[in-house]
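Asker: Next up is a structure, given as structure tokens.
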Amino acid sequence: MKVAVIGNGIVGATTSYILSKNDNVAVTQFDSSKGQATSASAGIIAPWLSKRRNKKWYRLARKGAAFMNRLAHDTKMPSSVYREDGVVYSRKIETDIEDLLELGQERKVDAPLMGQLQKLSPTMIQEKFPFTQISDWGLFVEGGATIDGQKFVEYLNQQTDFEQQYLNQTVSISNEKGRLSINGVAFDKVVLAVGAWLPQCLESIGWAVHVRPQKGQLIEVQLSDEKVDSLIGLPVLMPEGERDFIPTNKNTLIIGATHENDEGFDLSRSQVVMDDLLKSGQNLIPNLTEADIVGYRVGTRAYTNDFAPFFGELEDNSNIYVASGLGSSGLTTGPIIGQMLAKQVMGEDIEMSEYTNPVNNYIDKRG
């Protein structure tokens, strides 16, 4: 069976990896390498304390965190790709942390990956993050992890046996009398894991997709030696009212990311946004300056009107499979979506309704 996977982000890379383990599947991958969310992301995998009301999303994210953990261990991902150093949530009011702790204890029953939950006093938080001025109450969640999206894709691609790879190439899809082709090459099945670019991919074969792009930016800072001895091994800090602070194994700190709804597919660096991210860092870290910024990333996420991801076969027996709308939780939900799509492509009966609304809620056939 010849399968084309369009999009080499976290969903596409996982789908290709799993498909390639089947001797009866030949995987060809296409990717334009333009602005994908994965390549610009440094994500936090700790969905368990989310208060989103969408139960399908939480079920997907909870199982996604467990699958990502298993995939990381099975493929022996290095710490530069995936790290389990925990997450600290901070709140200014002690009872808010107690509420979070109670929620965590309830959800831990179905999510043992959460590990230890520990309430932190302001003194304990200050001791854990001595380079900050934070004086809030905190909750440490041991099982929280971080993932570098670009390095994840690069690492998983190295483990994947591709029939062919076409990177830096825009695709054109056609479907004439059930014959699928990408750029003139015939395939038995096609997976479209292109995020916010799904409308452009499906427009040529008569489908309208209700997905919008959202711009995200983050910065990476290098703290001077007098501010910190080492960031390696520190948990993520998610302070109330500020951006997230993600330590890397390079002894740098990532601050971000933004959620910009009116920028379309613009990938230019915004000085206004960089200043805003730096200001958030300065609110916690004394004397942080623009000179400490050593990197920045810009990417485009995909969102739906109900903020829910969708995935599955485009229509019965179309042999076209889609995924989009993952938003800012894509690094948590993307791998398990890739796994489910791969299983569907290989003919397994996967019950998607537990995790996503029907695809046709978001995609219409043009008249």
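Asker: Taking P130 and the conditions (1) at pLDDT 95 or above; (2) part of a loop (DSSP other than H, G, I, E, B); (3) loosely packed, with under 15 Cβ neighbours inside 10 Å, which numbered condition does it fall short on, given that it satisfies the others?
Answerer: Against the list (1) at pLDDT 95 or above; (2) part of a loop (DSSP other than H, G, I, E, B); (3) loosely packed, with under 15 Cβ neighbours inside 10 Å, P130 comes up short only on (1).
Asker: Search the range 230-251 for residues that are on the phi > 0 side of the Ramachandran plot and pair each with any residue that is not charged (D, E, K, R) when their beta-carbon atoms are under 7 Å apart and the residues are at least 6 apart or on different chains.
Answerer: N251/S230; N251/L231; N251/I232
Asker: On to the next question. Please verify whether the range 85-106 includes one or more residues that are of a type in the set (D, E, K, R), within 22 Å of the chain's Cα centre (by Cα) and part of a strand (DSSP E or B).
Answerer: For the range 85-106, residues of a type in the set (D, E, K, R), within 22 Å of the chain's Cα centre (by Cα) and part of a strand (DSSP E or B): absent.
Asker: Under the condition of being of a type in the set (D, E) and crowded, with 16+ Cβ neighbours inside 10 Å, which residue from the range 41-95 is nearest to E351 (Cα to Cα)?
Answerer: If we take residues in the range 41-95 being of a type in the set (D, E) and crowded, with 16+ Cβ neighbours inside 10 Å, then E84 is nearest to E351 (Cα to Cα).
Asker: If you scan the range 107-127, which residues turn out to be within 24 Å of A66 (Cβ to Cβ) and in a helix (DSSP H, G or I)?
Answerer: Within the range 107-127, R107, P112, L113, M114 qualify.
Asker: Separate question: When the range 286-296 is examined, which residues are found to be under 28 Å from R91 (Cα atoms), outside any helix (DSSP H, G or I) and touching a strand residue (DSSP E or B) at 6+ places or on another chain (Cβ under 8 Å)? Full working, then the answer.
Answerer: So the first thing to find is which residues in the range 286-296 are under 28 Å from R91 (Cα atoms), and the list is 286-290, 292-293, 296.
Narrowing further to those that are outside any helix (DSSP H, G or I): 286-289, 293, 296.
Hits for the range 286-296 are L288, I293, Y296.
Asker: Can you tell me which condition L223 does not meet? The list is (1) farther than 14 Å from A323 by Cα; (2) part of a strand (DSSP E or B), and all the others hold.
Answerer: (2)
Asker: Cβ-Cβ distance below 8 Å, separation of 6 or more or different chains: which pairs start in the range 259-284 with a residue that is closer than 20 Å to I246 by Cβ and of a type outside the set (D, E) and end on one that is open to solvent by 70 Å² or more (accessible area, probe 1.4 Å) and part of a strand (DSSP E or B)?
Answerer: As it stands, the answer is R269/Y296; M274/Y296, since those pairs meet every condition given.
Asker: To continue, here is another question. Is it the case that F162 is assigned to a loop (DSSP other than H, G, I, E, B), under 30 Å from V27 (Cα atoms), among the hydrophobic types (A, V, I, L, M, F, W, C) and under 25 Å from the mean Cα position of the chain (by Cα)? Lay out the reasoning, then the answer.
Answerer: Working: assigned to a loop (DSSP other than H, G, I, E, B): yes; under 30 Å from V27 (Cα atoms): yes; among the hydrophobic types (A, V, I, L, M, F, W, C): yes; under 25 Å from the mean Cα position of the chain (by Cα): yes.
For F162, the condition - assigned to a loop (DSSP other than H, G, I, E, B), under 30 Å from V27 (Cα atoms), among the hydrophobic types (A, V, I, L, M, F, W, C) and under 25 Å from the mean Cα position of the chain (by Cα) - is met.
Asker: Keeping to the range 181-203, report how many residues are part of a strand (DSSP E or B), β-branched (V, I, T) and either open to solvent by 20 Å² or more (accessible area, probe 1.4 Å) or touching a His at 6+ places or on another chain (Cβ under 8 Å) (or both).
Answerer: Result for the range 181-203: 1.
Asker: Additional query: Would the range 344-353 turn up any residue that is open to solvent by less than 30 Å² (accessible area, probe 1.4 Å), under 28 Å from K51 (Cβ atoms) and modelled with pLDDT under 95?
Answerer: Yes.
The values are calculated or read from the model by the stated rules, or taken from the named source; none is laboratory data. Computed from a predicted structure; not experimentally measured. All Cβ positions, glycine included, derive from the backbone under ideal geometry; neighbour counts span all protein chains shown. Accessible surface is based on the protein model in full, side chains and every heavy atom, while ligands, DNA and RNA are left aside. Shrake-Rupley method; radii C 1.70, N 1.55, O 1.52, S 1.80 Å.
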